[in-house]
Amino acid sequence: MTTIYFVRHAEPVHGWADNRTRPLTKEGEKDAMKVMEVLHEVPFDYAISSPYRRSMDTIMECAVDHGLTIEIDERFRERDKGIDGNVYGMFQKRWADFDFHEEGGESLAMVQKRNMDGLKRLLWSHNTETILFGTHGTALSTILNYYDPSFNCDSFLRMIDYMPYIIKMTFHGTACIGKEEILIIKKKFKGKIQADRA
């Protein structure tokens, strides 16, 4: 059995122009320490992350606490966002049609394929290990949907305010045999969706 603790990143600086180098807010940095505290007793064997700074920084203290170096895999990056990609209508369209994407953006099918390709390889190469995994809301959502097709737009919107969020998933081979939410810290998502929610 392989166990993965997926950690959706803590609160980032939303006004930061470059998506890859977007840092955590001061609150996000404090919450990253909570991630380390919650996972302190977990016997991790390996750590891996999206290449985006906010994901790496959220699990960094935990990795250091366990004497691990974080490996980076480009396949686990967040969805490439195009024009007006973070508005409520776009969320609905993408979840209704996994092949839909806005101009310059990725579809959920694209995100799911590269994340699952990477995850399956990870599960085979680190079989029976316990893994710390730094990830994103959309990327993680496509993994959850792969194993449970009832995970939908409403499920994603529930998660959008969880920063950080930890879900533990257990696997036999590449089959998911269990999942458990470990940590939920609510922070109001500050993207364009707020205007649409009003």
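Quick check: anything in segment 142-156 under 27 Å from D65 (Cβ atoms) and in contact with a strand residue (DSSP E or B) (Cβ under 8 Å, 6 or more places away or on another chain)?
Yes, some residue in segment 142-156 is under 27 Å from D65 (Cβ atoms) and in contact with a strand residue (DSSP E or B) (Cβ under 8 Å, 6 or more places away or on another chain).
Based on this model, can you work out whether G82 counts as out of contact with any strand residue (DSSP E or B) (no Cβ under 6 Å at 6 or more places or on another chain), open to solvent by 40 Å² or more (accessible area, probe 1.4 Å) and part of a loop (DSSP other than H, G, I, E, B)?
Against the criterion (out of contact with any strand residue (DSSP E or B) (no Cβ under 6 Å at 6 or more places or on another chain), open to solvent by 40 Å² or more (accessible area, probe 1.4 Å) and part of a loop (DSSP other than H, G, I, E, B)), G82 does not qualify.
For segment 7-35, how many residues are farther than 9 Å from R54 by Cβ, touching a residue at least 12 places away in the same chain (Cβ under 8 Å) and of a type in the set (A, V, I, L, M)?
4
Test D31 against the criterion of being open to solvent by 70 Å² or more (accessible area, probe 1.4 Å) and touching a Ser or Thr at 6+ places or on another chain (Cβ under 9 Å), and give yes or no.
Criteria not met by D31.
Where residues in segment 36-46 are part of a helix (DSSP H, G or I) and without any contact (Cβ under 8 Å) to a residue 40 or more places away in the chain, which of them is most open to solvent (accessible area, probe 1.4 Å)?
E37
The values are calculated or read from the model by the stated rules, or taken from the named source; none is laboratory data. Here the structure is a predicted model, which is why all the values come from computation and not from measurement. Neighbour counts run over all protein chains shown; Cβ positions are idealised from the backbone, glycine included. Side chains included, ligands, DNA and RNA excluded: accessible areas come from the protein's heavy atoms. Shrake-Rupley method; radii C 1.70, N 1.55, O 1.52, S 1.80 Å.
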